[in-house]
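In what follows, a structure is listed as structure tokens, so that the remarks can point back to it.
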Amino acid sequence: MTTKTPAISRKRGPLSRRGRVLLLLLAVLLVYGIFVEPAWLQVTRRDITLPRLAPEFDGLRVVQLSDLHCGPSFFNKMAIRRAVTAANAFDPDLILLTGDYVNVPGSIGEMRRLLSGLRARRGVLAVLGNHDYWTDPAAVTAALRAAGVTVLQNEAVPVERGGARLWIAGLDDAWEGRPDLARALRPIPAGDPVILLVHEPDMAGLVSQQPVDLQLSGHVHGGQVRLPFAGAIVTPHLGHKYPLGMYRVNDMRLHVSRGIGVTWPGLIRLNCRPEITCFTLYKL
Ligand SMILES: [Fe+2]
């Protein structure tokens, strides 16, 4: 007696082969975006010519750090530690911080510990960002001061060398604070060069109408996810015009840092590595 072997039926899964490949690719991109790129710090050097700079400041080294967004993530802390080490390795004259130091109140102490490792001959100066306001501006300011950082809220301080002066001015956060440009620039004598810190780069239109030589900002994180050719998918309020890098706005230079950390939406970085920048200033 012969038995009939039932035909083997090829049951199709819910996904086609192409669907499975796309899913795998998406998973690889997510793992890379969450665990690899956020800790892959890029160190950038830029020479900047400021015509009003006194010759005494020729060769001054200024490091910018921005948007640390200190939080519970191990990879975020790794990136901040690397940024602090990289900043000190430049043996800088100044370290300038352009806002958004924490994502959650529980990370304020950790941020203070990490930033207390910064070393610069002429000091470390900072302004607050919108996330610092959303977290606890008084506690963030106190933590920065405890770490040896001078917090500028609509004020300016001179840096002196051989009788010449360069001013560092800082604006309160433009989104959540009370920025007052006139007040910040009031103590600066006409003709003195000025570097102005403000978290949100889209203030540049307003700032460039004043005698400011260089504006340093952050806030946008370059968009965090950048498509080839198309650039950032999403940019935040007051961060739409200048997403990253160097710009000339009227007679003013503007630099927008991609920052160190990540925040919502996404908590990932793709094609937009965290960044620390060292500027060397030159007169014409
Ligand atoms: Fe921000």
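The values are calculated or read from the model by the stated rules, or taken from the named source; none is laboratory data. Being a predicted model, the structure only gives us computed values, none of them experimental. FYI the Cβ positions are ideal-geometry reconstructions off the backbone, even for glycines, and counts take in every protein chain you see.
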Test GLY123 against the stated conditions and say whether it is touching a residue at least 12 places away in the same chain (Cβ under 8 Å) and more than 24 Å from ILE34 (Cβ to Cβ).
yes
ASP100 meets each of (1) in a helix (DSSP H, G or I); (2) under 20 Å from GLN224 (Cβ atoms) with one exception, condition (1)
Scanning the range 69-110 residue by residue, those surrounded by fewer than 23 Cβ atoms within 10 Å (Cβ to Cβ) and of a type in the set (A, V, I, L, M) turn out to be MET78, VAL84, ALA86, ALA89, LEU94, VAL104, ILE108
(message) Looking at the structure I just gave you, is LEU152 in contact (Cβ under 8 Å) with a residue 24 or more places away in the chain, more than 16 Å from GLY261 (Cβ to Cβ), surrounded by 20 or more Cβ atoms within 10 Å (Cβ to Cβ) and in contact with a Ser or Thr (Cβ under 7 Å, 6 or more places away or on another chain)?
(response) no
Note on the range 100-120: residues without any contact (Cβ under 8 Å) to a residue 40 or more places away in the chain, within 16 Å of the ligand (Cβ to nearest atom) and hydroxyl-bearing (Ser, Thr, Tyr) are SER107
Next on the checklist: Criterion first (within 16 Å of GLN64 (Cα to Cα), within 13 Å of the ligand (Cβ to nearest atom) and in contact with an Asp or Glu (Cβ under 6 Å, 6 or more places away or on another chain)) does HIS131 satisfy it?
Outcome noted: no
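Could you go through the range 145-163 and let me know if any residue there is within 15 Å of the ligand (Cβ to nearest atom) and either in contact with a strand residue (DSSP E or B) (Cβ under 9 Å, 6 or more places away or on another chain) or outside any loop (DSSP other than H, G, I, E, B) (or both).
no
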Given (1) closer than 29 Å to PRO38 by Cα; (2) within 16 Å of the ligand (Cβ to nearest atom), PHE229 misses just (2)
Restricting attention to the range 190-204, the residues that are within 12 Å of the ligand (Cβ to nearest atom) and in contact with a helix residue (DSSP H, G or I) (Cβ under 9 Å, 6 or more places away or on another chain) number exactly 3
Picking from ALA164, ALA169, ALA143, the residue that is within 12 Å of LEU68 (Cβ to Cβ) and hydrophobic (A, V, I, L, M, F, W, C) would be ALA143
Output for Cβ contacts, cut-off 7 Å, separation at least six or different chains, first residue modelled with pLDDT of 95 or more in the range 81-96, second surrounded by 23 or more Cβ atoms within 10 Å (Cβ to Cβ) and part of a loop (DSSP other than H, G, I, E, B), reads ALA83/ILE260
Apart from one, (1) among the polar types (S, T, N, Q); (2) buried (at least 23 other Cβ atoms within 10 Å of the Cβ); (3) on the phi > 0 side of the Ramachandran plot all hold for ASN250; the odd one out is (2)
Restricting the range 156-173 to residues that are under 18 Å from PRO201 (Cα atoms) and acidic (Asp, Glu), the one surrounded by the most Cβ atoms within 10 Å (Cβ to Cβ) turns out to be ASP173
Report yes if ASP180 is charged (D, E, K, R) and either touching a strand residue (DSSP E or B) at 6+ places or on another chain (Cβ under 7 Å) or within 16 Å of the ligand (Cβ to nearest atom) (or both), otherwise no.
no
Over the range 35-62, the set of residues among the β-branched types (Val, Ile, Thr) and not in a strand (DSSP E or B) is VAL36
In the range 134-149, residues that are closer than 17 Å to ALA120 by Cβ and surrounded by 21 or more Cβ atoms within 10 Å (Cβ to Cβ) total 2
